[in-house]
Amino acid sequence: MRWWDIDRVLELEKDLFPEDAWSRGMFWSELAHARGDGATRRYLVAEDASRLVGYAGLASSGDLGDVQTIAVARDQQGTGLGARLLTGLLRAATAFECAEVMLECRVDNTRAQKLYERFGFVPIGFRRGYYQPGNVDALVMRLTDPSSSLEDVQGTEQGTEING
């Protein structure tokens, strides 16, 4: 993801997460940590032709990675794009030398939970009222050894370009 992607990312963000969408400033702040020798973030965008259809981000700190966001356009859900984006994030976690990767997922988002479980993430707890203003709980999931997960799961769909 680059600064010139932010407007298109915000459109998708507001469509998918209307109650708790990230702000422009939040994306700018994340991208500020995604470049240079001391980078601690990796953000990806997925494009189909010239249309942005997904994005994802990972933060790292020491040997811990944290999936910040994964978003896939409604008409692209179920196509394997989420798996390709997650694969990109796990490759980044491996490059950052993360021993484990954490994430939070809405308890009512069973499609995402199944995706994460396919990659080896396991539930380890809940964060009550994590998603505001809807007061929706988050399921906390953890993946140990992200590099081994990449060997087990491969994305197979074609046609969508994913860029950093």
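For the stretch 25-56, name all the residues that are basic (Lys, Arg) and at pLDDT 95 or above.
Going residue by residue through the stretch 25-56, those that are basic (Lys, Arg) are 35, 41-42, 51.
Passing the criteria: Arg41, Arg42.
Screening Gly82, Gly125, Gly78, Gly62 for residues that are small (Gly, Ala, Ser) and crowded, with 17+ Cβ neighbours inside 10 Å leaves exactly one candidate, Gly82. Of all the criteria given as (1) open to solvent by less than 80 Å² (accessible area, probe 1.4 Å); (2) part of a helix (DSSP H, G or I); (3) touching a Gly at 6+ places or on another chain (Cβ under 9 Å), the one not satisfied by Val101 is (2).
Residue count for the stretch 56-88 satisfying the condition of being in a helix (DSSP H, G or I) and farther than 17 Å from Glu13 by Cβ: 5.
Taken over the stretch 32-41, the residue count meeting the criterion of being closer than 16 Å to Ile6 by Cβ and either crowded, with 16+ Cβ neighbours inside 10 Å or of a type in the set (Asp, Glu) (or both) is 2.
Give the residues of the stretch 101-116 that are within 15 Å of the chain's Cα centre (by Cα) and in contact (Cβ under 8 Å) with a residue 24 or more places away in the chain, sorted by residue number. Spell out the reasoning first.
Step one: list which residues in the stretch 101-116 are within 15 Å of the chain's Cα centre (by Cα), which gives 101-106, 109, 111-116.
Val101, Met102, Leu103, Glu104, Cys105, Arg106, Arg111, Ala112, Gln113, Leu115, Tyr116 - these are the residues of the stretch 101-116 that are within 15 Å of the chain's Cα centre (by Cα) and in contact (Cβ under 8 Å) with a residue 24 or more places away in the chain.
Anything in the stretch 3-17 that is out of contact with any helix residue (DSSP H, G or I) (no Cβ under 7 Å at 6 or more places or on another chain) and open to solvent by 100 Å² or more (accessible area, probe 1.4 Å)? List them, or say none.
Kept after step one, since they are out of contact with any helix residue (DSSP H, G or I) (no Cβ under 7 Å at 6 or more places or on another chain), are these residues of the stretch 3-17: 4-5, 7-8, 11-17.
Across the stretch 3-17, the qualifying residues are Trp4, Glu11, Lys14.
Within the span defined as the stretch 31-39, one or more residues are of a type outside the set (Lys, Arg), in contact with a Ser or Thr (Cβ under 7 Å, 6 or more places away or on another chain), touching a residue at least 12 places away in the same chain (Cβ under 8 Å) and farther than 20 Å from Arg106 by Cβ.
Under the condition of being part of a helix (DSSP H, G or I) and open to solvent by less than 40 Å² (accessible area, probe 1.4 Å), the residues counted in the stretch 112-122 number 4.
The values are calculated or read from the model by the stated rules, or taken from the named source; none is laboratory data. Bear in mind the structure is a predicted one, so any value in this text is a computation, not a measurement. FYI the Cβ positions are ideal-geometry reconstructions off the backbone, even for glycines, and counts take in every protein chain you see. Surface accessibility is based on the protein's heavy atoms, side chains included, excluding ligands, DNA and RNA. Shrake-Rupley method; radii C 1.70, N 1.55, O 1.52, S 1.80 Å.
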